[in-house]
Amino acid sequence: VRTHVMGDLAYVTLSESNLVALVDTVSHTAIGSIDVGSAGCQYPWRATMSPDGAQVYVACRSSGNVVVIETAGNTVETTIGGIPSAGSIAFVREGAFALVGSRYNNQVAVVDTATYSVETISTPSYARSVVAHPYLDVAYATSGDGTVQVIDTTSFSIVTAISVGNDPYDVAVSPDGAWVFAGSRRGDGLAVIAAGSNTVHTRVTGLGDLTGLEVAPDGSVIYASGLWNGLHIIDGAIFAHITTLGDVGSPREVAVTCDGGELYVGNKESQVPVVDTGTLSVAERVAMPGSGAQGSAICPQAKQTGAFLVPASQVKYAGPGEVVAYEERLVNASGRTDSFTLSLSGNVWDTSLSVADTGPVLDGDSFSFTVWV
């Protein structure tokens, strides 16, 4: 008997059997299942682990609810109703709330994870997918009108919309918080959004119809499910297509293990391909106790700690003799209260700072400053 720790169990939704399979990620075998159908969950298709690993939230698309699994005993803790066409799930504010997208409805549900009460945020079109920024108080939701909606997670209100192309399906964010990725279900490619400015930085095209997205824990690679043409591997630094893995069926959702070494591919079949991310080949095919494998929850959302500039870079233009002001924010995501010293280096033009030393700054807080050039 082995005691399981976070990351060595994958929770795989089996949409056509109304089950969640428990897969040992060490032995690559299904060791059991959870009957979420008996808890009122019809068509479980997407799953997300809470930040502390204590729960897995499963979106039940056909029954309009979310099942909560407690991972200590792998039993259903509760069923949260009133969430029509439940889609992807993202935890915000250190797990105090869960945001749930909707496959067919123009809303994002806001679930209080302490009371399981539900409020809603109206969106311009169906909000299939949602993801949280790793250290800013914002989340991103795809909208069927061709935009990504930016949600303030302190007020739970939409603050802006980013045009990304036809029918964005899934959305993901880099662990360092610099980039947001939105994949088009209708062939418009992968939009790469600069999180600091909420603008499209570039687009990776020629990928066909995209569904699920996943980012490696170190941010080096983006995995994009090409629904009809395999699993695309995209460089996370230069945003260039590396290769496409075709031996995975018709991939819908993907989930990476905590160490980034393997990728579980949901393809609506009764076997789940496990991709070795080092060799970019299928290492195993895990037989499921049911059919319709789609989403997997293995680890909480990957994050990196440290101090981050928002935006990470800026470009402005000016004439001779003009002074340009760059407004910046430094976010303390180090996990501790800290003080900071700012300095300038490598500058060609005369440059000055509005502040040189600041602190103490609490973990999760930030301060703003100006750079004059």
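The values are calculated or read from the model by the stated rules, or taken from the named source; none is laboratory data. What you see is a predicted model, and the numbers here were worked out from it, not measured in a lab. Positions of Cβ are generated from backbone atoms using ideal geometry, with glycine treated the same way; all protein chains shown enter the neighbour counts. Note: areas computed on protein heavy atoms with side chains; ligands, DNA, RNA excluded. Shrake-Rupley method; radii C 1.70, N 1.55, O 1.52, S 1.80 Å.
Within region 130-156, residues that are modelled with pLDDT under 95 sit with their Cβ atoms under 7 Å from residues that are polar (S, T, N, Q) and open to solvent by less than 20 Å² (accessible area, probe 1.4 Å), at 6+ positions apart or across chains, in these pairs: ASP137/THR153. Within region 48-61, does at least one residue satisfy the condition of being touching a strand residue (DSSP E or B) at 6+ places or on another chain (Cβ under 7 Å), in contact (Cβ under 8 Å) with a residue 40 or more places away in the chain, more than 26 Å from ALA132 (Cα to Cα) and part of a strand (DSSP E or B)? Among the residues of region 48-61, not one is touching a strand residue (DSSP E or B) at 6+ places or on another chain (Cβ under 7 Å), in contact (Cβ under 8 Å) with a residue 40 or more places away in the chain, more than 26 Å from ALA132 (Cα to Cα) and part of a strand (DSSP E or B), which makes the answer no. Within region 355-368, being over 29 Å from the mean Cα position of the chain (by Cα) and either at pLDDT 95 or above or under 18 Å from ALA333 (Cα atoms) (or both) holds for ASP357, THR358, GLY359, PRO360. Residue count for region 166-192 under the criterion of being acidic (Asp, Glu) and in contact with a Ser or Thr (Cβ under 7 Å, 6 or more places away or on another chain): the result is 2.
Here is a yes/no grid of residues against (1) part of a strand (DSSP E or B); (2) open to solvent by 80 Å² or more (accessible area, probe 1.4 Å); (3) at pLDDT 90 or above; (4) over 30 Å from MET49 (Cα atoms):
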position: ARG285; (1), (2), (3), (4): yes, yes, yes, no
position: GLN301; (1), (2), (3), (4): no, no, yes, no
position: SER339; (1), (2), (3), (4): yes, no, yes, yes
position: SER343; (1), (2), (3), (4): no, yes, yes, yes
position: VAL371; (1), (2), (3), (4): yes, no, yes, yes
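Of all residue pairs spaced 6 or more apart or on separate chains, those with beta-carbon atoms under 9 Å, a first member in region 65-91 that is without any contact (Cβ under 8 Å) to a residue 24 or more places away in the chain and a second member that is of a type outside the set (Gly, Ala, Ser) and outside any strand (DSSP E or B) are PRO84/ARG103; PRO84/TYR104; PRO84/ASN105.
Here is a yes/no grid of residues against (1) more than 17 Å from GLU214 (Cβ to Cβ); (2) surrounded by fewer than 21 Cβ atoms within 10 Å (Cβ to Cβ); (3) not small (Gly, Ala, Ser):
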{"residue": "VAL159", "(1), (2), (3)": "yes, yes, yes"}
{"residue": "SER163", "(1), (2), (3)": "yes, yes, no"}
{"residue": "ASP167", "(1), (2), (3)": "yes, no, yes"}
{"residue": "ASP170", "(1), (2), (3)": "no, no, yes"}
{"residue": "GLY177", "(1), (2), (3)": "no, no, no"}
{"residue": "PHE181", "(1), (2), (3)": "no, no, yes"}
{"residue": "ARG185", "(1), (2), (3)": "no, yes, yes"}
{"residue": "ASP188", "(1), (2), (3)": "yes, yes, yes"}
{"residue": "ALA194", "(1), (2), (3)": "yes, yes, no"}
